[in-house]
Every structure is written in C-alpha cells, then in structure tokens.
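The values are calculated or read from the model by the stated rules, or taken from the named source; none is laboratory data. Just so we're clear, the structure is a prediction, and the values are computed from it rather than from any experiment. Glycine gets a Cβ as well: all are built from the backbone with ideal geometry, and neighbour counts include every protein chain shown. Note: accessible area is taken over every heavy atom of the protein model, side chains too, but ligands, DNA and RNA are not part of it. Shrake-Rupley method; radii C 1.70, N 1.55, O 1.52, S 1.80 Å.
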Amino acid sequence: MLQCVDIAGTSTRRIPLSVLDQSLVTAGHVPAQAIRDSVTLARACEGFGYHRYWVSEHHGNAAMAGSAPEVLLGALAMATRTMRIGSAGVILPHYAPLKVAEQFRVLEALAPGRIDLGLGRGPGADRQTAYALRPDALDNPVSMSAMDSFPANVEDTLALVRGEPLGDDHVFAGVFAQPRGPTAPQPWILGSGKYSARLAGHLGLPFCQAHFFGSDSEASQAIGAYRAGFRASPTLTEPLVGLCLIAMAAPTSAEAERLFLSYVPWRLSRDAGRMVPLQQPEHAIAAAVGLDQDTIQRLRKTAVFGTPDEVFARIAGLKTGYEIDEMVILAPAYELSVRMASYGLIAGINQTQATDDRPARASEFWL
C-alpha cells in the first residue's frame with residue numbers, strides 16, 4: 001500500500017497509485033507489439049506496487065492498439081498475481097449487457113477479487129467504425145437509443161455481473177451470466193463530464209475523472225457533481241473518486257522537458273481528430289519546436305512532467321485540491337523502457353530516505 005504525504009508535511013490517509021495503459025502504437029513498430037508491451041508493463045508495475053492496472057478500449061485507431069480490453073485482461077490475469085486489473089473502460093453502448101457481464105465473470109473466475117469493470121459511454125471510435133461495431137443501430141455512430149439507454153444498460157450489466165435478478169417484469173427475467181462465483185468485479189463509471197459523474201453518484205458507484213481530456217475546471221465540476229449526487233449503495237457507502245492524469249518522471253528536469261515535448265505533437269494531433277502513432281522523440285521534438293507556445297502552455301496545465309520530486313508535489317496538490325482517493329497515471333512515452341522507468345520513479349520516490357522517525361517532506365512516499 002502506498003504511503004503519501006502532503007505538501008505541508010503531515011501524513012494523509014493512505015491512497016493507491018494506479019495505471020492507465022492505452023497500448024500506444026509507436027512509429028516503427030507494428031501495432032501488435034503494443035499489446036505485448038502492455039503485458040510487460042503490467043508485470044513491471046505490479047513489482048513497483050501499483051494498486052490497479054487498467055487498459056483502455058479504442059477502435060479503428062492508429063494511435064492505440066487496445067481494441068478488446070476483455071481479451072487483454074485475460075493475459076494480464078495470468079501475468080500478474082496481486083494487482084487489480086480492469087477496463088478503462090468498456091464502451092457499453094457498443095455491446096449487450098449480458099455479453100459484457102459474461103466476459104467479466106470469466107475474468108473474475110481467472111483472477112478472483114482482482115477484476116475492475118470500468119464502464120464508459122464512448123464512443124471510442126470514428127462514426128464509421130462505431131457503426132461497424134453496431135450495424136443494427138438506427139443511427140451513426142452509436143444510435144441515440146443506445147446512448148439514451150446507457151443508464152439502464154449499466155444497471156442491467158451490474159445486476160448480471162453480480163448475479164442479481166433482473167426483476168420479474170424485466171424482458172430478460174431469469175437470464176444470468178456464467179460462470180457464477182462468490183466474488184464479482186468492482187464496477188466503476190469513467191468519464192470526463194458531469195453526465196457520467198452524476199450517473200455514478202446516483203448508482204452509488206466509484207467514479208474516475210479523465211483529467212487528461214479536459215481542464216481543471218471541467219474536472220472540478222464533474223467531481224463536484226458526483227459528490228453532490230452520491231447515494232450510498234450496498235457496495236459503496238461513501239464516494240470513491242479517482243483522477244486519471246498524464247504524468248511522467250525523469251531523473252533530470254531536462255529529460256522531463258524532452259518527454260513532454262515529444263508528447264505534444266501526438267496529443268495535438270489526437271485533439272484534432274488525427275490518430276497517428278507516437279513518433280520517435282527526436283522527430284516529435286523537432287515538430288514541437290514550431291508549434292504555438294500558448295498551445296504548449298495549455299497542455300502543460302493538464303500534464304505532469306518533471307523530476308520525481310516535482311511530479312509528486314503536483315500529484316499531491318491535485319489529490320488535496322480535488323479530495324481524490326486514487327490517482328491513475330498515464331505515461332505516453334515512445335520507449336517502453338522510459339515508461340517503465342517513469343512508473344518506477346513515481347512509485348519509489350525517496351523511499352530509501354523515508355523513515356518513520358522523522359518529519360515527512362512534501363516529496364516523499366514509500367511502498
């Protein structure tokens with residue numbers, strides 16, 4: 001478990017650090033390598049002591065290879081032993097609740113007590129690709145009826161994955177998801193806006209805010225909406241909030257700046273709807289030099305880069321400011337070794353210096 005201290009130097013309650021892996025496609029490598037890299041990275045992050053390892057779902061995307069998190073999670077279940085693993089998230093409007101519940105019941109059988117079922121509203125694909133996923137939909141990319149039924153489909157998925165009856169008046173009364181068992185996946189609602197946040201609160205589910213998608217104000221509004229509308233449920237008596245952010249640490253400030261600049265062109269391309277592989281650092285940095293500096297400064301506000309001390313100080317500030325229970329870290333570096341090193345630095349910052357018999361500093365936490 002992670003021990004974290006705040007900027008004032010007094011211990012906060014223990015919180016876990018977790019990982020979001022988008023199975024990034026990198027220039028010069030086949031997309032299939034990104035899936036194999038995800039398994040390698042998961043093993044490393046378990047060794048570093050991370051609490052959760054989540055994989056994302058994207059379709060028809062040249063930048064991200066993770067199109068089937070439920071399949072990748074099967075490999076991760078076999079490659080890890082103690083770390084929770086899950087989806088961030090399954091795009092429910094593309095699928096029937098029963099099929100999602102069956103997939104995650106199988107995963108729960110493989111790794112009992114370690115599976116998270118993160119659900120999102122999507123779409124996670126361009127219009128044509130989304131339509132190909134649901135060719136029976138009435139509209140493109142996901143029919144309005146599918147989007148409008150998202151809350152009801154979440155409730156059906158929860159009941160099926162938990163082994164609860166759907167109700168005598170339900171059209172699928174008596175249907176259940178196999179394999180049954182004594183444990184069930186932990187459900188999460190994932191999103192960047194108030195709609196998903198309010199739904200998570202209404203259903204009494206944990207909520208993870210995608211901070212890297214928007215601004216600080218959008219994150220604040222979504223988290224505020226979640227807390228304001230939270231209703232206790234049989235599985236969660238008080239709000240549980242995660243915050244997912246871009247964060248990469250390097251031994252020096254100069255190297256951290258290099259990591260940031262190599263990420264900028266890829267991020268701006270994605271924001272413009274152009275999904276391209278992550279470029280080699282020297283090529284990406286050359287492209288970043290010619291970009292508008294105001295745009296780069298805007299990205300700096302939602303991304304955390306620096307030395308381990310600098311990264312942790314920012315993470316601690318976000319945790320305190322938003323009253324976050326968990327921090328989920330996404331590290332979009334070109335080299336797998338750099339991603340692994342960054343996660344290791346963040347997890348192990350000052351651990352050899354930290355002792356229980358002296359005052360804590362703002363930059364210290366240990367596993």
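Miscellaneous remarks
- Interchain or long-range residues, amide H under 5 Å from Gly306's placed H: Met248, Ala250
- Only Lys, Arg (+1) and Asp, Glu (-1) charged, at Cβ; the chain dipole about Cα centre in debye: 220
- Cα-projected label distance for Val289 with Arg162, points at 7 Å along beta-carbon direction, nm: 5.7
- With the simple spin-label model, which puts each label point 7 Å out from Cα in the Cβ direction, the Ser220 to Glu257 separation comes to 3.0 nm.
- Where the alpha-carbon atoms of the chain are placed on the principal axes, they occupy 61, 49, 38 Å, in descending order.
- Heavy-atom surface analysis with a 1.4 Å probe gives the chain a carbon and sulfur content of 56 percent of its accessible area.
- For region 310-321, backbone phi angles converted through the Karplus equation (6.51, -1.76, 1.60; θ = phi - 60°) give residue-by-residue couplings of 5, 5, 5, 4, 5, 4, 4, x, 5, 4, 5, x Hz, Gly and Pro being listed as x.
- Solvent exposure of the chain amounts to 43 Å² per residue of accessible area, where only protein heavy atoms count and the probe is 1.4 Å.
- Reach of Lys194 by Cα under 25 Å, taken over lysines that are not fewer than 8 positions away in the same chain: Lys301, Lys319
- GNM result for the chain, Cα springs below 10 Å: residue of Gly290, Gly193, Gly163 fluctuating most strongly: Gly290
- Top positive-direction residue, dipole computed over the chain with Cβ charges, set Pro251, Ser192, Phe312: Pro251
- Once backbone amide H atoms are built at 1.01 Å from N, Gln209 has Gly242, Leu243, Cys244 as its partners under 5 Å, excluding neighbours fewer than 5 places away on the same chain.
- Shape box of region 178-279 [Cα atoms, principal axes, largest first, Å]: 48, 36, 31
- Electrostatic tally near Leu199: other residues with Cβ closer than 12 Å to its Cβ, Lys and Arg +1, Asp and Glu -1, net +3.
- Segment His170-Glu335, length gained on full extension (0.36 nm per residue, minus Cα span): 54.4 nm
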